[in-house]
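What follows is a short report on a single structure.
The values are calculated or read from the model by the stated rules, or taken from the named source; none is laboratory data. In this text the structure is predicted, and so the values were computed from the model without any measurement. Here the Cβ positions follow ideal geometry from the backbone for every residue, glycine too, while neighbour counts run over all protein chains shown. The area values use the complete protein model at the heavy-atom level, side chains included, leaving out ligands, DNA and RNA. Shrake-Rupley method; radii C 1.70, N 1.55, O 1.52, S 1.80 Å.
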Amino acid sequence: MEKLQGLRGMVDLLPDQITLWQKIEETARRHFKQAAISEIRTPLLEATELFSRGVGESTDVVSKEMYSFLDKGERNCTLRPEGTASVVRAAIQHGLISQGPQRLWYSGPMFRYERPQAGRQRQFHQIGVEFLGFVEPRSDIEAIQLAWDLLKDTQVKNLTLELNSLGDSSDRKMYRQTLIKWLEGHSQQLDEDSQHRLKTNPLRILDSKHPSTKALLQEAPILKNSLSRESLERFEKVQIGLDELGIPYTVNPFLVRGLDYYSHTAFEITTTELGAQATICGGGRYDDLIKQLGGPSTPAIGWAIGMERLALLIAQFAEKKTHREQKIYVVNRGESAESFALMVTRNLRLKENIVEIDLSGASFSKQLKRADRSGARWAIIIGDSEVQQGKVILKDLRSGLEKIAKEERINLDTLLKRFV
RNA sequence: GCGGGCGUCGCCAAGUGGUUAAGGCAGCGGCUUGUGGCGCCGCUAUUCGGGGGUUCGAAUCCCCUCGCUCGCCCCA
């Protein structure tokens, strides 16, 4: 028989990695709760149109990275490649937006058909926040602050916040023309990708990593010069707000982000510790998206953190702890002892203890060895003679071999009183 | 979609053309028919990702294929 394998880019999270993930999730939940943000859960599967209209037809995500298929009713479906479009769709569909501003968070798997590499999988996980119905620059500041503090709280080091303003749609339209015009004059010096993008998505050329293109762009007209007075003032307010909160950032005029819906503030939180995939949080304002998806014209801002990347980063700093947990391991052997042990186990669990029972029937020596390796703090030993006396042996596994006397025979009542 | 690296037991790995494919960890059994961290003994790959070829003979050479991995592109 041939061995079955998971699909490429679909990774399993094994038990010893889960603790780390749970820690991240707990930290995030705590921050969201304190910031009065509500959770929202939307389906993994959506109509393809949601993303082609929302994220943008010409983006890489939509044009080449979606898991799309026809279902049995001939509907065009897509596994969500990102979270914002779904959240916005749900908010429109259920009239959330007309009930006033919404502060929402989500977490879950996203799907993008790309070649996997370090920090990039086909199924990956994001934790994200969406503020719907907020115009004020202060909402940008709060959103960024939230992401920054959350990441800091996970003990991650060496983070950089990069910031830019894309202006509103008319700013961008104007800049687009200026940029196209200028680039066309220098098209010979552009790399192949960028030449192609000149026709499809010229703004994306800005954050090209191609060395010669990068050099060329130093001379190119910059986005900032096309921003209206209002857009510029808005961007300044965001920066001042971050200064006041003491959150360090650098303005990166080439930061444009790959999704069409962004406007005004765009930002990324990056690290140098992760190899090529340096962005662990990305986000920005999307004032036109909700209207574009058929909702009332509503300004909004949001961001998403890549769980895999964050987990990878944290794992670098985390040291393995080997201390014993508050677990009780029930060693048992013999006919009457085995059923008695199940009863004891159950009663201890009813008192909210963590209890593992040995089901092997192996020798006491074997079972104790397993108890030790399992990292349990206590062992309870039950043999047939204990059952007859109505007692069990309670042993402190911490005490070590020398203090082998550190065990006691106690009756069940005393035991249950001990472990409340 | 395009490049580079790699694929020997659950994990780490030696072996680079010659009769039986090292070793370590983990696992299992025993020394110890009722007591844990150490030690000792034993067991665990008819087979080297898969297929084809070269050869008297291949894990070792060639071809194809699959997978993993890093990078490009792009993004979280």
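Considering every pair of different Cα atoms, what Kirkwood radius, in Å, is found for chain A?
Working: mean 1/r = 0.0395 Å⁻¹.
Final number for the Kirkwood radius of chain A is 25.3 Å.
Can you compute the modelled spin-label distance between A:E74 and A:Q189, with each label point 7 Å from Cα toward Cβ, in nm?
5.4 nm
Within the accessible area of segment A:37-144, what % is carbon and sulfur when the probe is 1.4 Å and the other protein chains stay in place? Intermediate values should be presented prior to the final figure.
Working: 2480 of 4960 Å².
Looking at segment A:37-144 in its full context, I get 50 percent from C and S.
What angle do you read, to the nearest 10 degrees and between 0 and 90, between the alpha-carbon axis of helix A:84-93 and the longest principal axis of chain A?
Rounded to the nearest ten degrees, it is 90.
Do any of A:K351/A:K417; A:K173/A:K224; A:K224/A:K291; A:K173/A:K209; A:K173/A:K291; A:K327/A:K366 go past 20 Å between their Cα atoms, and which?
Details: A:K351/A:K417 10 Å; A:K173/A:K224 13 Å; A:K224/A:K291 26 Å; A:K173/A:K209 24 Å; A:K173/A:K291 18 Å; A:K327/A:K366 18 Å.
From the list (A:K351/A:K417; A:K173/A:K224; A:K224/A:K291; A:K173/A:K209; A:K173/A:K291; A:K327/A:K366), the Cα-Cα distance tops 20 Å for A:K224/A:K291; A:K173/A:K209.
What does the charge count near A:A215 come to, summing +1 for each Lys or Arg and -1 for each Asp or Glu among other residues with Cβ under 13 Å from its Cβ? Write down the numbers at each step before the final one.
Working: positive: A:K209, A:K214; negative: A:D191, A:E219.
Residues close to A:A215 contribute a combined charge of 0.
Name the residue from A:L45, A:V87, A:I18 whose Cα lies farthest towards the positive end of the charge dipole of chain A, charges +1 on Cβ of Lys and Arg and -1 on Cβ of Asp and Glu.
A:I18
In segment A:5-30, which residues have a backbone nitrogen under 19 Å from the label point lying 7 Å from A:I247's Cα in the Cα-to-Cβ direction?
Answer for this model: A:27-30.
Stretch A:A36-A:I222 to full length: gain in nm at 0.36 nm per residue minus the Cα-Cα span?
Values: separation 186, 0.36 × 186 = 66.96 nm, distance 3.81 nm.
Going from the current span to full extension adds 63.2 nm.
How big is the charge dipole of chain A about its Cα centre, in debye rounded to the nearest 20, if each Lys and Arg gets +1 on its Cβ and each Asp and Glu gets -1 on its Cβ?
Numbers: 59 positive and 56 negative charges, 215 e Å.
Computed about the Cα centre, the dipole is about 1040 debye.
Using Cα atoms only, what is the angle between the long axis of helix A:229-245 and the major principal axis of chain A, expressed in degrees (0 to 90) to the nearest 10?
That helix lies at roughly 30 degrees to the long axis.
Would you work out the charge dipole size for segment A:325-418 about its Cα centre, treating the Cβ of every Lys and Arg as +1 and the Cβ of every Asp and Glu as -1, and quote it to the nearest 20 debye? All intermediate terms of the calculation are to be shown ahead of the outcome.
Values: 18 positive and 14 negative charges, 56 e Å.
With Lys and Arg at +1 and Asp and Glu at -1, about 280 debye.
How high is the relative contact order of chain A, in percent, with contacts defined as C-alpha pairs under 8 Å that are six or more residues apart? Before the final figure, lay out each step's value.
On the way: 694 pairs, mean separation 62.6, N = 420.
Relative contact order here is 15 percent.
Quote the charge dipole size of segment A:73-205 about the Cα centre in Debye, to the nearest 20; the model charges only the Cβ of Lys and Arg (+1) and of Asp and Glu (-1). Walk me through the numbers before you get to the answer.
Working: 18 positive and 16 negative charges, 72 e Å.
That gives a dipole near 340 debye.
What order, most packed first, do the peptides A:355-364, A:371-380 have when packing is the mean number of other Cβ atoms within 10 Å of each residue? Before the final figure, lay out each step's value.
Numbers: A:355-364: 15.0, A:371-380: 18.5.
Per-residue Cβ counts within 10 Å, averaged per peptide and sorted highest first, yield A:371-380, A:355-364.
What spacing in nm lies between the two simple spin-label points modelled at A:K291 and A:M343, each 7 Å away from Cα in the Cβ direction?
Spacing of the two 7 Å Cα→Cβ label points: 7.3 nm.
If you roll a 1.4 Å probe over segment A:191-269 with all protein chains in place, what percent of the accessible area is carbon or sulfur? Could the numbers behind the result be given before it?
On the way: 2030 of 4130 Å².
Its accessible area is 49 percent carbon and sulfur atoms.
What angle do you read, to the nearest 10 degrees and between 0 and 90, between the alpha-carbon axis of helix A:364-373 and the longest principal axis of chain A?
So the helix axis and the longest Cα principal axis differ by about 30 degrees.
Label A:K351 and A:R138 with points 7 Å out from Cα along Cα→Cβ: what is the distance between them in nm?
Between A:K351 and A:R138, the label points sit 5.3 nm apart.
Show me A:293-304, A:87-98 ranked by packing, highest mean number of other Cβ atoms within 10 Å first. Let's see the in-between values first.
Working: A:293-304: 20.0, A:87-98: 18.3.
Listed from highest to lowest mean packing, they are A:293-304, A:87-98.
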